[in-house]
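Enquirer: Dropping a structure here in structure tokens format, bear with me for questions.
None of the figures in this text is laboratory data; all of them are computed from the coordinates on show. All values reported here derive from a predicted model rather than from experimental measurement. Positions of Cβ are backbone-derived with ideal geometry, glycine not excepted, and every protein chain shown enters the neighbour counts.
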Amino acid sequence: MARAMVLLWACCMLFLATANADGSNFAKGIGVNWGSQVSQNLPPSVVVQLLKDNGIGKVKLFDSDDWTVKAFAGSGIEVMLGIPNNELKRLSDSYDDAQDWVKENVTAHTRDGGVDIKYVAVGNEPFLTSYNGTNTHTLLPAMKNIQKALDEAGHGDKIKVTTPQNADVYDSGKGGPSEGNFRKDVRNIMIDLVRWLDSVNSAFLVNIYPFLSLYENAGFPIDFAFFDGGAKPVKDKDHSYDNMFDANLDTLVWSLKKAGVPDLKIIVGEAGWPTDGNINANNKLARRFYNGFLKKLATDKGTPLRPGHMEVYLFSLLDENMKSIAPGAFERHWGIFRYDGKPKFPVDFSGKGDDDKFPVAAKGVKYVTSFYCVFNKDVKNMSLVPPNMSYACALSDCTALGDGSSCSKLDNITTISYAFNMYFQMNGQDVEACVFNGLATITSTNLSTDSCLFPLALQSAGTRLNILSSITATTTSVAAFLFTLFALF
């Protein structure tokens, strides 16, 4: 996720420039992220088949759930396991715990040619500025303990530890990539970290999001977020940049050089474009991003400072309707596929340029009965609508109703129905989840429009997450989001 100072350079340089006027089944190195912050999970077996049907050979997970991981046994799909940030202190304090973690989450799955585990990602963007240094002293010790445990268990030659870092761990001030360096408050720990990664022959994992450049900077030149040649090239020393991704990654290359590890392998852990929750989050722009990005990757052109093959994990495979919306409502809509495994837009994973090719949809997906919770039109007193709609949205997902989003043009009554139905579906169509003080009723009529989907709950093979506890952390963000919706009533 590119940060402000790199972007400031790009904006200034682009405005100045304006003023001055292969045969494989998938793009080589392509993987996807698969998150699980959803009210109902697709069965792992369905997801494994979805990846295989689309020729995607790598997957990055955010945990090491046994049910999920074992589904990849014998699949031929390379797996990156995840360890959440809340485990860092425990694993940094206790080598015994690290050994137990490896035994339970790696050794148990790799016996007899089981799951093809390649990396263990310790933490997830642990040095975000919003964390205020919480993980500064626990990340590297936890990484070292896990790698030592992997080595002692006989996995160390094949499985390496890394950590996904947000691109805000480096910047270039007002200059170009050549001015890049690690952020001052984490520079010393980052230097220790990257030198250790280099010493164990691992890789630096970085998340880069051109969409966020556009989202966070109103004046950002939109064409610079894409790869189709629409942007004016900008110069930095002897190199030219026509897209934000290359400029950002080369800022990291310069940072690594200054840290003394110029040849450390770089893996892009997350790169993608959301499809809802913001005026620039839509299928049209997502399609433009992915088709350009995948064509670029298929050429093995790389960046000016890192030419050649790039290893990349797209973000993300599926929408996650319970992700925090603190960064923005778009956070729940990063999926190339919908929550049920249906593709949202054409994308050619081979990078060969078939821009009208739709991915293969998930097979064997089971839905609940086609019932929907909608506003009872017999109700005349509307005074109870705002508090009930607030309750429904705070404990479900109403991000598609926001300004510029896919359901923002619904009439008032259908907007209420959307909120009630989301709560109803995310609670597995429990009849008690369609009451709302008598404002709601259950129907078999699907109110979906060409642009706005009224989702239908899945028959989940997994345990539904606790919606209340999972969303409580984002109450402030939800409240701010709902404020604009209630202006309708």
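Enquirer: What residues qualify as long-range amide H neighbours of Gly123, i.e. H under 5 Å apart, gap of 5 or more or another chain, H built at 1.01 Å from N?
Expert: Ile83
Enquirer: Simple spin-label model, 7 Å along Cα-to-Cβ: Lys103 to Asp157 in nm?
Expert: In this crude label model, Lys103 to Asp157 measures out at 2.4 nm.
Enquirer: Asn446 label point, 7 Å along Cα→Cβ, cut-off 14 Å on backbone N: hits in segment 351-387?
Expert: 366-373
Enquirer: How big is the charge dipole of the chain about its Cα centre, in debye rounded to the nearest 20, if each Lys and Arg gets +1 on its Cβ and each Asp and Glu gets -1 on its Cβ? Provide the component values of the computation, followed by the final result.
Expert: Values: 46 positive and 52 negative charges, 105 e Å.
For the chain, the charge dipole is close to 500 debye.
Enquirer: Can you pick out the pairs among Lys232/Lys323; Lys52/Lys295; Lys296/Lys357; Lys357/Lys409; Lys52/Lys158; Lys284/Lys366 whose Cα atoms lie more than 26 Å from each other?
Expert: Violating the 26 Å limit, Cα to Cα: Lys232/Lys323; Lys357/Lys409; Lys284/Lys366.
Enquirer: Another one. Placing unit charges on C-beta atoms (Lys and Arg positive, Asp and Glu negative, everything else neutral), compute the dipole magnitude of segment 40-86 about its Cα centre in debye, rounded to 20.
Expert: Numbers: 4 positive and 5 negative charges, 25 e Å.
In debye, rounded to 20, segment 40-86 gives about 120.
Enquirer: Calculate how many DSSP beta bridges within the chain are antiparallel, expressed in % of all such bridges and rounded to the nearest 5.
Expert: That works out to approximately 30 percent antiparallel.
Enquirer: Something else about it: What number, rounded to the nearest 500 deg cm²/dmol, is the helix-based mean residue ellipticity at 222 nm of the chain, given -39500 (n - 2.57) per DSSP H run of at least four residues and division by all its residues?
Expert: Numbers: 14 runs with 153 residues, N = 489.
My calculation for the chain gives -9500 deg cm²/dmol from helical runs alone.
Enquirer: Nearest 0.05, what FRET efficiency do Val431 and Tyr95 give at R0 = 51 Å with Cβ-Cβ as r?
Expert: On the way: r = 51 Å, r/R0 = 1.00.
Efficiency, rounded to the nearest 0.05: 0.50.
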